[in-house]
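Working notes, beginning with the structure itself.
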Amino acid sequence: MADQKGKTILTGVKPTGAPHIGNYIGAIRPALRLAASHEKSYLFIADYHALNAVYDPKALKEDSYQVAACWLALGLDPAKTVLYRQSDIPEIPELVTILSAVTPKGLMDRSHAYKAAKDRNAEENRDPDADVNMGLYTYPLLMAADILIANTDIVPVGKDQVQHIEFARDMAGYFNGAFKKNVLKLPEYQLEAGGALLPGIDGRKMSKSYGNHIPVFIDSAARRKLVMKTVTDSKLPAEPKNPDENVIFQIYTHVGTPEEVQAMRDAFEKGGMGYGDAKQKLFEALERNFEQPTAKYNELMADRKKLDDILEEGAARARKVTRETLSNVREAIGLARLRN
Ligand code: TRP
């Protein structure tokens, strides 16, 4: 990724509870790799975004700690990647106010998330704006501020988030156009492969709502139990099997080494690989991937002071950039730069 040298990459994560291995493989691991391969990387906890739907101070606080501990436990290096809470950066809401002055209402009306809420209401014969708060309606404004305030070059996203980055570009353009000055950098999105769809232990897509998931942070006994419960057909060990129709192998492809995966594929195809053996191998690979991160996660969750320190330091580092951006923005519109 030599061409990405010097670029700033930014990711926001909504605090939504503990991840499962499908989240890890589809989203967290690719984001960690991207962060490691860019000179400047920012990762923040989008707690103001969560606020639109969570009116529970304990849950918001706890979920935010969980996100921080999760990413740190899985290898985020806070000395390199700037890790912070959105709510610790007062420049973000100030930029929202400013952007809202140059953003046409029609742009918000076209937001997918808002339209989806209206469609649901229409289906249920309710008022189109029932249960739509202004936070949901202006979600793209806050997200644009998150991105633009950090002078971001690249935002890695799944398909569902592309519109948000396009809106952020639009808003940066409106601002620069209105004040005839190139102050806000137009970010680009980098489409992530959509996260490999990992099957859950019952063979359907892995999802918390199906209850078929393997959490990342669990103890070894619980991990083993879930692996042993994974569905198989009734073929005998000696029979050849199609690995591509086999849930154990599907998960294994993401956590085994390439050699291990090839060896399991060959053994299934030739015959001689029984499901019991395969489960044991899958369990061992999961242990190798997640046993230490689980210990680290538990350690961090037991030390809130340490998490607070890391997040505060991250916010202080982030604010070097966010204060500079906001000062430039304020100057462009005829307001004073931020004073210290
Ligand atoms: N909307 C993103 C999501 O639902 C989270 C998010 C908030 C975000 N602000 C961001 C992502 C800025 C990237 C950049 O996943």
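According to a simple spin-label model (label point 7 Å from Cα along Cα-to-Cβ), what is the distance in nm between residue 222 and residue 7?
So the two model labels end up 3.8 nm from each other.
Quick check on my link table: of 80/320; 105/159; 115/205; 235/279; 14/205, which ones sit more than 19 Å apart, alpha carbon to alpha carbon?
With Cα atoms farther than 19 Å apart: 105/159; 115/205; 14/205.
Starting from the amide H of residue 188, placed 1.01 Å from N in the peptide plane, find each other amide H under 5 Å away whose residue is 5 or more places distant or on another chain.
Excluding prolines and chain starts, which carry no amide H, the hits are 154, 155.
Could you tell me the calculated FRET efficiency between residue 339 and residue 181, based on Cβ-Cβ distance and R0 = 25 angstrom, to the nearest 0.05?
0.75
Mind checking the full-extension length gain between residue 55 and residue 115? Use 0.36 nm per residue of separation minus the Cα-Cα distance, one decimal, nm.
Separation in residues times 0.36 nm, less the Cα-Cα distance, equals 19.3 nm.
If you average over every viewing direction, what projected area does the convex hull of the Cα atoms of the chain give, in nm²? Spell out each step's value before the answer.
On the way: hull surface 80.2 nm².
The orientation-averaged projected area of the Cα hull of the chain comes to 20.0 nm².
Quick one, what does Rg over Rh come out to for segment 119-216 if you take C-alpha atoms and the Kirkwood Rh?
1.12
Please list 163-169, 9-15 highest first by mean number of surrounding beta-carbon atoms within 10 Å per residue.
9-15, 163-169
Kirkwood Rh over alpha-carbon pairs of segment 208-298, then Stokes-Einstein at 10 °C and 1.306 mPa s: what D in µm² s⁻¹, rounded to an integer?
So the translational diffusion coefficient is about 116 µm²/s.
Calculate, in nm to one decimal, what residue 235 and residue 62 gain on full extension: separation in residues at 0.36 nm each, minus their alpha carbon distance.
Details: separation 173, 0.36 × 173 = 62.28 nm, distance 4.49 nm.
Roughly 57.8 nm would be gained on extension.
Under 14 Å from the Cβ of residue 316, count the other residues' Cβ atoms, weight Lys and Arg +1, Asp and Glu -1, and hand me the total.
Around residue 316, the surrounding residues sum to -2.
Give me the net charge for the shell around residue 94: Cβ to Cβ below 13 angstrom, other residues only, Lys and Arg +1, Asp and Glu -1.
+2
Ranked highest first by the average count of other Cβ atoms within 10 Å around their residues, in what order do 122-129, 331-338, 248-255 fall?
Values: 122-129: 10.1, 331-338: 13.0, 248-255: 21.0.
Going from most to least packed, we get 248-255, 331-338, 122-129.
Please give, to one decimal in nm, the separation of the simple spin-label points placed at residue 37 and residue 134, each 7 Å out from Cα toward the Cβ.
Once both label points are built, they end up 4.2 nm from each other.
So, in nm, how far is label residue 312 from label residue 291 when the simple model puts each one 7 Å beyond its Cα toward the Cβ?
So the label points at residue 312 and residue 291 sit 3.6 nm apart.
Each value in this text was obtained by applying a stated rule to the coordinates, not by laboratory testing. Note that the coordinates shown come from a computational prediction; the quantities given were computed from them, not determined experimentally. Note: ideal-geometry Cβ built from the backbone for every residue, glycine included; neighbour counts use all protein chains shown.
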